[in-house]
Structure formats: structure tokens, C-alpha cells
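The values are calculated or read from the model by the stated rules, or taken from the named source; none is laboratory data. Because the structure is a prediction, the values reported are computed rather than measured. All Cβ positions, glycine included, derive from the backbone under ideal geometry; neighbour counts span all protein chains shown.
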Amino acid sequence: MKTMLSHPLLRQLLMAQPGTMLGGALLAALTAVAGMALLGLSGWFITATSIAGLQASSALMFDVFGPSAGIRLLAIGRTGSRYAERLVTHDATFAALADIRVRLFRGWASADAASRLLRQPARLLFRLTADIDALESLYLRLLVPAFTACAAALLAALALGLVHWWLGLGLAVWLLASGGAISCLLLRGARRHAIVRSRATEQLRSGAIDLVAGQLDLVMAGRVQAQVDQLVQIDQSLARADLALMRLETRASAAYGVAGSITLAGVLLASAFLAGHQQIGLPAAALAVLVALTALEPFAGLRRGALEAGRMLLALRRLSPRAQQGQGMSAVLPAGSALRFDRVSAAQAGSSEPIVHGVSLMLAPGETVALVGPSGAGKSTLLALAAREIAPLSGNVTAPRACLLTQKTELFQDSLRDNLRLANPAASDEQLWDALQAAGLAQEVRLLAAGLDTQLGEGGLGLSGGQSRRLALARLFLHDSALWLLDEATEALDAATAHDVLQRLRARSSTRSVLIATHLRREAQLADRLLTVRAGRIVGEARCGTPAYAAVLALLRPD
């Protein structure tokens, strides 16, 4: 518990909505306190009424309106505070988690972070679902119930202290000692099993996805049974963890029950002793017994939070490295430049072996530069650096907001409109049609029955290769970026479609800087400068209109 409370991510969670979260905890405590007070006052009222009714004189003098009004007030107040507590605590939690999700996405958007996670997409999904849910449970099922239990113990002690001071003091010490000890022991015993269960659940999901998605590869490699056996072992580990947690919960329930019975018996005997010596009245004794009857229930509400504490701690440890916004590359540009590399060395994502060595490059606003050279020379790595997909091993990269267009078109099972709005969520239909018109796809979309609402299948199913590329081009036109990065953008397109796409790119790029990585002549012809890249170094430069420019173009692959 101490480790969790000192964790920066937990502080971030609690400080996102501090007033609301404190208010929710107070409402939860008020609900528990109102329930205890309602039961105690009802017992006192029934007992006092019975005694007053034994004699006519006392019956006439007994005030039934004050206690009955208090009972109604507590009943209505308990219902209202319960509703308000659920509303406030969940609203505060969701708002805080929304802020953490934004920070997580920013962290995963930093150089090289997303590419590492995409190699294990099931892990990314688990971080965004189960681990975030664990943080939600941290406040709702552990911290709020712990605060409520302490508040209830103090109220019970105060109520019995008004009956007799040592009765209240003894109850307070007993409740905090017994309830706290059971909760702490449960938390400590369940921590390891909760962590095992969380990891096994993630491995089971990931393994099941691999089995379904990669069944063809597994069959070809003869590894289907091995994968199944591995899933069986993980499932058995998960079952053992579940069984251990169930046993701990059963033991904790029994311990809370025994402690509650001891509490009730102790208060009953003490109240009987005090009433027998006429130190308190029978109504006060009834109040003390009924308050003691429910005094330990708030501690029992800690069971679920204590059982999941290990999962919460694991989620804190997993999410913390990406919860803080990563230190991105500076977007402050020197005067007159749109992109600048200063003695940059870099490696491919997931590797520490450099394939780009000491590259210096400056791109002016509105300039188009093409990187040409053999495959494996480092052209795509330079584009990845400019797009901030990877971080340099050394040197500095200064780049504005950029948009990368590759030969692979990423489309999703959604409408045409929503696929376009990935580039600009606020774009109007007029802007969407304008982008489609510029990309040469508007006429074909107008012929579709649903127009922009046409649903695409997974991966853009329903569009041809050329239509998919034009849709990606329209998305590029919608993106508000000063730098366009083109990586073999027309590879695998037929010559006519490719030339049309390139002409449309040229027409819309006059106000933007463009960096192209290519080995195709038709793409390189867009450039004002050609930079030859070999073995991760820029070894030559040729400007448009010079013999060197024509010579470099002649070496590239024709259309």
C-alpha cells in the first residue's frame, strides 16, 4: 500500500480531480455512516417507545416526532448520498482516466514507442483496457472503501463514546486493529496471486489471438499442438491463481464474520454490564448493540480491493513509463528551413546497429527533395526520423508537423467519411469532397449509392488498389502539415494511375515541403534536388536543370 501511495502515476490519478474525488469519498463515508446511524437510532427509538408505553404518564410525555423525523431524514439521506456518491466517484474516476489515456497516447506517440508496441499488439490492447480498468478499481474499490471504513469506525466509536467513554474507545481500537489487520493480511496474501492472474490473462489472450490469426503458419510449421499445449498450461496457471484468490476471499469473509461476532458479543456484554449497574439506559444499550452490529461491514467492503491490489500495482508499474508525455523532438525551426538533420545517426526500430551515419540535411520551405539510392541505403530510415517514428542515436533532428504517405495504404472497416476524417476529424463534408476531387476520386465516390457513408471492409475491402491509393492521397491533402513525406508512394500502381497521382501531388504541394524516398524516375522528377544515399550517407547532390540531375535520373528505374 505504501508503494502505491508514493507512486507518481497514482498521485496524477488522484490530483486530476482532487476536489471531486475527495467529495466522492466523503459521500461514500456519509452513506455508510447514515446506514449505521439509521439502524442505531431505530433500535433506540423502538426500545425507548416500548419502555415509555409501560406507563401512561411517560407515554404522554415521550416525544415520538423528533426520533421518527430523524429516522426518515437518515433513510432519505442515505438513499440520496448513495446515488450522489456513485455519480461523483465514477464521474471523477472517468475524467481522471481520460486524462491518463491522453498522456499514454502521447507517450506511445513518441519516437520508437509505438513501433515496439505494434510488434506485440495484444500487449498494447491490454494496456489500454485491463490496466486502465485496474486504475479505476484502485480508487473505487480500495481507496474509497478504506476511507469509508475508517470513517465508519470513528463514528461507531463516537456513538458508543456518548454512551460510555471506555466503550467507545475500546470499540475504536478493536475495529481499527481487527478490520485493518484482516484487510492488510488479505492484501499481502493476494498480491502475488493477483499479479500471476493478470499476467496469465494477458498471455492467454495473446496466445489465443496468435493461434487463430497464425493458424496457417502454425500448421505449416507443425506447431499447432505445441501452441495449444502452451495455452493449456497458461489456463491451468490462471485457474490456480483464481482458486488461490477464492480461498483467500473465503478465509477473509470468515475472519470478518468472526470479528463481527466478537464485536457484537463484546458490546452486548459491555452494554448489559453497564445497564445492569444502571450506568446507561436500555435504549442506549440497544443503540450501542445495533451500531456494533454493522460496525465491521465497511471493512468487509475492502475485500475486493485487497484481492485486486496486486493487479493495481502491476498496472501502475506497466503504465508509468508512458504516462508522462515523452520528450519529443523540437518543432522550433531555424529561420528559412522546414526540416533539418544535424549529424544524425540512426538505426531501424528495435535495433541499436546504426544504418544512417552522420547525415546533415536542410530542407527549405516549399522545396521538394528526393532521396535516391539502392535498397537498404537508409532512405526510409531518414523518412522515419523526419516523421518522428524513431529517435536518432546521435545528432539532432528539427522537424515541423509531418504526414507520411507510403506504398501501403492503411484503411479501416468504417465509412469512407470516417476513413478520411482520420486526417482531420473536424473536416466538413465540403472539405472532404474537395480533397476527393483533388485526388481524382470524387466522381467514383458520387456514383456509389451511399456516397461518403459507403462502408469499407477490413483493410479497405471494396476499393481497388488505385482507389485505395487515391483515398490515401485525399487523406494527405486533408492533413494540416507543413511537410509531406513520400516513401515509394506510387510503387505497384500502373503507370497511368501513378502519373495522375504524382501530378495531383505536385499541384497541391506548392506551399509545402516534400521529402521523397524513391528509386523510381517518375517520383524523382518531382524534386528540386536529388540526394544520393549509399550505406547510410549522403554521397551526392544534384539540382534540377543540371547535367548531374539528368544523369542521376537516368540511373533510376523507369516507369
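The range 132-222 holds helices (runs of 4 or more DSSP H) entirely within its bounds, and those carrying 2 or more residues that are of a type in the set (D, E, K, R) map to 132-137, 165-213.
Restrict the check to the range 49-67 and report whether at least one residue is surrounded by 15 or more Cβ atoms within 10 Å (Cβ to Cβ) and at pLDDT 80 or above. The answer is no; no qualifying residue exists.
Checked against the criterion of being farther than 28 Å from Gly305 by Cα, surrounded by 15 or more Cβ atoms within 10 Å (Cβ to Cβ) and in contact (Cβ under 8 Å) with a residue 24 or more places away in the chain, the candidates Leu175, Leu238, Leu187, Leu167 yield just one match: Leu167. Checking each residue in the range 190-213 for being β-branched (Val, Ile, Thr) and touching a residue at least 24 places away in the same chain (Cβ under 8 Å) picks out Ile195, Val196, Thr201, Ile209.
Yes/no per residue for (1) in contact with a Ser or Thr (Cβ under 8 Å, 6 or more places away or on another chain); (2) under 19 Å from Leu371 (Cα atoms); (3) modelled with pLDDT under 85:
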site	(1), (2), (3)
His479	no, no, no
Leu485	no, yes, no
Glu491	no, yes, yes
Thr511	no, no, yes
Ala524	yes, yes, no
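Taking strands (runs of 3 or more DSSP E) as the structural unit, those lying wholly within the range 473-542 and holding at least 3 residues that are farther than 23 Å from Gln437 by Cα and not aliphatic (A, V, I, L, M) correspond to 529-534.
Within the range 274-283, can one find any residue that is in contact with a Phe, Trp or Tyr (Cβ under 7 Å, 6 or more places away or on another chain), in the same structural domain as Gly180 (by TED's automatic domain parsing) and modelled with pLDDT under 90? Give the steps one after another, and end with the answer.
Let us first name the residues in the range 274-283 that are in contact with a Phe, Trp or Tyr (Cβ under 7 Å, 6 or more places away or on another chain), namely 283.
Remaining after also requiring in the same structural domain as Gly180 (by TED's automatic domain parsing): 283.
With modelled with pLDDT under 90 added as a condition, the list becomes 283.
Scanning the range 274-283 turns up at least one residue that is in contact with a Phe, Trp or Tyr (Cβ under 7 Å, 6 or more places away or on another chain), in the same structural domain as Gly180 (by TED's automatic domain parsing) and modelled with pLDDT under 90.
If I ask for residues that are surrounded by 15 or more Cβ atoms within 10 Å (Cβ to Cβ) and polar (S, T, N, Q), which ones from the range 261-279 would you list? First the steps, then the outcome.
Within the range 261-279, the subset surrounded by 15 or more Cβ atoms within 10 Å (Cβ to Cβ) is 263-264, 266-268, 270-271, 274-275.
Those that are surrounded by 15 or more Cβ atoms within 10 Å (Cβ to Cβ) and polar (S, T, N, Q): Thr263, Ser271.
Checking each residue in the range 399-440 for being surrounded by fewer than 18 Cβ atoms within 10 Å (Cβ to Cβ) and among the hydroxyl-bearing types (Ser, Thr, Tyr) picks out Thr406, Ser415, Ser428.
Does Ser513 qualify as being surrounded by 19 or more Cβ atoms within 10 Å (Cβ to Cβ), of a type in the set (Ser, Thr, Tyr) and touching a Phe, Trp or Tyr at 6+ places or on another chain (Cβ under 9 Å)? Yes, satisfied.
Filtered by the rule that a residue be in a loop (DSSP other than H, G, I, E, B), under 27 Å from the mean Cα position of the chain (by Cα) and not charged (D, E, K, R), the range 386-408 gives Ala387, Ile390, Ala391. Select from the range 280-297 the residues that are in contact with a helix residue (DSSP H, G or I) (Cβ under 6 Å, 6 or more places away or on another chain) and in a loop (DSSP other than H, G, I, E, B) and write down the one among them that is surrounded by the most Cβ atoms within 10 Å (Cβ to Cβ). Looking at residues that are in contact with a helix residue (DSSP H, G or I) (Cβ under 6 Å, 6 or more places away or on another chain) and in a loop (DSSP other than H, G, I, E, B), I get Ala295.
Of these, Gly440, Gly457, which one is closer than 21 Å to Thr490 by Cα and either touching a residue at least 24 places away in the same chain (Cβ under 8 Å) or outside the structural domain of Ala474 (by TED's automatic domain parsing) (or both)? Please lay out each step first, then the result.
Numbers: Gly457 fails: closer than 21 Å to Thr490 by Cα.
Testing whether each residue is closer than 21 Å to Thr490 by Cα and either touching a residue at least 24 places away in the same chain (Cβ under 8 Å) or outside the structural domain of Ala474 (by TED's automatic domain parsing) (or both) leaves just Gly440.
Report whether or not Ser81 is assigned to a helix (DSSP H, G or I), under 30 Å from Leu268 (Cβ atoms) and at pLDDT 80 or above. It is true that Ser81 is assigned to a helix (DSSP H, G or I), under 30 Å from Leu268 (Cβ atoms) and at pLDDT 80 or above. Is there a residue in the range 448-471 that is among the small types (Gly, Ala, Ser), touching a Gly at 6+ places or on another chain (Cβ under 8 Å) and under 24 Å from Thr497 (Cα atoms)? Looking for residues that are among the small types (Gly, Ala, Ser), touching a Gly at 6+ places or on another chain (Cβ under 8 Å) and under 24 Å from Thr497 (Cα atoms), one finds at least one in the range 448-471, hence yes.
In this entry, Ala244 is excluded by the filter for residues that are part of a helix (DSSP H, G or I), closer than 24 Å to Leu125 by Cβ and either within 29 Å of the chain's Cα centre (by Cα) or not assigned by TED's automatic domain parsing to the domain that holds Gly301 (or both).
Restricting Ala472, Ala495 to those that are at negative phi and surrounded by fewer than 17 Cβ atoms within 10 Å (Cβ to Cβ) reduces the list to Ala495.
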